Structure formats: C-alpha cells, structure tokens
Amino acid sequence: MTDRPQKRPSKVLRNLNAKVASVPMILTAVVVFVGGTVWTIVYSFTSSKLLPRLNFVGLEQYERLWVTPRWLVAIKNLAIYGGLSLTFSLIIGFLLAALMDQKIRFENTFRTIFLYPFALSFIVTGLVWQWILNPRFGVQGVVRSLGWTSFSFDPLYNSDIVIYGVLIAGLWQGTGLVMCLMLAGLRGIDEDIWKAARLDGIPVWKTYLFIVIPMMRPVFITTLVIITSGIVRVYDLVVAQTSGGPGISSEVPAKYVYDYMFLAQNLGQGFAASTMMLITVIIVIVPWAYFQFGRKRRG
C-alpha cells in the first residue's frame, strides 16, 4: 500500500504556535500604541487642562502652538541639532568604520571604546558634558590655567550657541552606534569587489564613493531612521545639560510637551505638540518603509 501524501495545513493554521505567542504583543501594540496615539490626537482638538475633557475647540491648540515663541525656538533648535547631528553622525561614523575595516590591531578594544558612550544614559552623558563645558573647571578653565587667559569656550552659557554644546554631547554618545552599523555593512561587502577595484587601478576613495556606499544603501537608510527617531525624541540630554536654558534658548519639542502636560497642566497644548512630533516621525518612517518593503515587492 502506498502512503497517501499528507494534506498541507491551511495558511491560517501554519506556524500556529508562533501566531498564538505573538497575540499579546499584537494586542499591546494595538491597544497601547495605536489606541494611545488616536486618543492623543483626538484630545489635541480639545481645551483639556488638568484632566482630559471632550470640549472640542477645533484647531485652536495648533494655532496657539505655532504662534508661541517657545515652540518656535524648540523647532529651530530641533532643525539645527537634527541637521548637524544627522550629517556629522553619518560622516564621522562612516569614516571610523572605514578605518576599523582596515583590520587594525586592537580592533575590539577601539570598537569598545567608541561604542561605550552609547551604553550610558543621556542623563549621565549630559551631566558629564555639563562638567566638561563648564567655563570654570572644564575645557575653558584648563586651557586658561595653561596660560591662554583670553581663551573662551562656554557654549552652554551662551544663548546663541548653546544648542551646539548639546550637539557635541549628542555626537559623542551616538557616533559609536553609527560606526558599528556602518562597520557591519562594510564587512558585508564581498572581498572580490575590493580585489577587482584594485586590479582596475581604481583609487580607494572612488571605490568607497561610487561602489561601496551605493551597495550599503539599506544600511544608510536604517541608520538614518534610527538617528532621526532619536533626534525627534531628544529630551533628557537637554534637561541634564541646560534644563532648556539660558532662558528658553535650548528648548526642544519633547521638553515643550513634557512641561505643558505635567508642569503647566495644559493637556490640550501638550497633545497638540506631541501630535506634531508624531507627524515628524511619520514623515521619516513612511519613506523608509517604502524603500525597505515597497520596492522589494515590486521587484
């Protein structure tokens, strides 16, 4: 007697154990994240103060938001911090990765040193750089003690350049992660490509610029999303370094949201600001999802 071939289970019953195990995660995502997001957007159109109330006022909260000097300063700072952080993180991270990819001695040690700041919390990083940039006993104090008494470097106490002081701390902490991501991408490049480039006499910089970097596009896109999401959410670094000062010169959107929701007890305004932050994240995530998944399906 010949054994009859077993009938394959339907698509619904395939990997049933994995699907059942993922139910709690899916429910958490739907109820907590999606539900919370919808709830926030709905109440951003209300006049909620201390407690959420369904007193709809249309776009009034958003109109107030975009004429508030503090929010405008926060957006300006986010644009400066975000643009420079994104640019320098990618450039410095890639250059460090390219150097590490040369099979240097003590590579593991250097990689650990560069990545270590990322293991610290932003609060610790902010406090460390607050001390380093302190004009009395930080960089300025040390240089002046060596004889250069006219040397001045106090970005955290100058309202015109305070955001650049925050940027220094952010780059110090985040560049190591970018380096590791780029290094992983470089290690995924086939060695034959490097050999072919050397045989053809192509300079190393041209190999990186015209061959390697285009091949690493998925790595760059993923890194871009990770950096950008961190930029939009930057809060604790600013609080630890400057608390938004001097005045409101280092204000950022996340701090604006926190202060209005929990200190000023103006939930409606806080919800409107957080909704604008959500829109910023969506603007970043949607193109990434398209490049990662949409184009693959078409291909």
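Name the shape class, rounded, prolate or oblate, that the alpha-carbon gyration tensor gives for the chain, where a ≥ b ≥ c are the square roots of its eigenvalues, rounded holds for a/c under 1.5, and otherwise prolate holds if a/b is larger than b/c and oblate otherwise.
oblate
Please label the shape of segment 221-276 as rounded, prolate or oblate, based on the square roots a ≥ b ≥ c of the eigenvalues of the alpha-carbon gyration tensor (a/c under 1.5 means rounded; beyond that, a/b larger than b/c means prolate, else oblate).
Because a/c hits 1.5 or more and a/b fails to exceed b/c, segment 221-276 counts as oblate.
How would segment 79-192 be classified by its alpha-carbon gyration tensor: rounded, prolate or oblate, with rounded meaning a/c under 1.5 and the a/b versus b/c comparison settling the rest?
Since a/c reaches 1.5 and a/b is larger than b/c, the shape of segment 79-192 is classed as prolate.
Using a 1.4 Å probe over the heavy atoms of the protein chains, calculate the carbon and sulfur portion of the accessible area of segment 65-150 as a whole percent.
73 percent
Be a star and scan segment 219-234 for residues whose amide nitrogen sits under 12 Å from the point 7 Å along the Cα-to-Cβ vector of ILE283.
Once the point is set 7 Å along Cα→Cβ of ILE283, 232 turn out to lie under 12 Å by backbone N, inside segment 219-234.
Along the charge dipole of segment 142-209, pointing to its positive end and built from +1/-1 on Cβ of Lys, Arg, Asp and Glu, which listed residue (THR207, LEU177, GLY147) has its Cα farthest out?
Positive-end residue among those listed: GLY147.
How big is the charge dipole of segment 163-299 about its Cα centre, in debye rounded to the nearest 20, if each Lys and Arg gets +1 on its Cβ and each Asp and Glu gets -1 on its Cβ? Each step should come with its number before you reach the end.
Values: 11 positive and 7 negative charges, 112 e Å.
Here the size comes out at about 540 debye.
With charges set only on the Cβ (+1 for Lys and Arg, -1 for Asp and Glu), what does the dipole of the chain come to about its Cα centre, in debye to the nearest 20?
Once rounded to the nearest 20, the dipole reads 1180 debye.
Lysine pairs in the chain with Cα distance under 18 Å, only those 8 or more apart or on different chains: how many are there? Could the numbers behind the result be given before it?
Working: LYS11/LYS19; LYS49/LYS255; LYS76/LYS255; LYS103/LYS195; LYS195/LYS206.
Step by step, the pairs that qualify in the chain add up to 5.
Can you give the charge dipole size of segment 1-150 about its Cα centre, rounded to the nearest 20 debye, using +1 on the beta carbon of Lys and Arg and -1 on the beta carbon of Asp and Glu?
Details: 16 positive and 5 negative charges, 92 e Å.
Dipole size: approximately 440 debye.
Report the one residue of PRO253, ASN17, TRP71 whose Cα lies farthest in the direction of the positive end of the charge dipole of the chain (charges on C-beta: Lys and Arg +1, Asp and Glu -1; origin at the Cα centre).
Checked the options; the winner is ASN17.
Kyte-Doolittle cut-off 1.0, length cut-off 30 Å along the helix's own axis using Cα: show which whole DSSP H helices in the chain pass.
Details: long enough: 69-100 (45 Å, 1.50); 162-187 (38 Å, 1.59); 267-289 (31 Å, 1.79).
Answer set is 69-100, 162-187, 267-289.
Give the calculated FRET efficiency between ILE26 and LYS76 to the nearest 0.05, with a Förster radius of 30 Å applied to their Cβ-Cβ distance.
About 0.15, to the nearest 0.05.
Can you give the helix-only mean residue ellipticity at 222 nm for the chain, where every DSSP H stretch with n ≥ 4 adds -39500 (n - 2.57) and the sum goes over all residues, rounded to the nearest 500 deg cm²/dmol?
-19500 deg cm²/dmol
Of ALA289, VAL42, ILE123, which is farthest towards the positive pole of the chain's charge dipole, taken about the Cα centre with +1 and -1 on the beta-carbons of Lys, Arg and Asp, Glu respectively?
ALA289
For segment 153-249, what is the Kirkwood hydrodynamic radius in Å, using each pair of distinct C-alpha atoms?
About 16.2 Å, per the Kirkwood formula over Cα pairs.
The values are calculated or read from the model by the stated rules, or taken from the named source; none is laboratory data. On a predicted model such as this, the values are computed, not experimentally measured, just so you know. Note that each Cβ is placed from the backbone with ideal geometry, even for glycine, and that neighbours are counted across all protein chains shown. Protein only, heavy atoms only, side chains kept; ligands, DNA and RNA dropped before computing areas. Shrake-Rupley method; radii C 1.70, N 1.55, O 1.52, S 1.80 Å.
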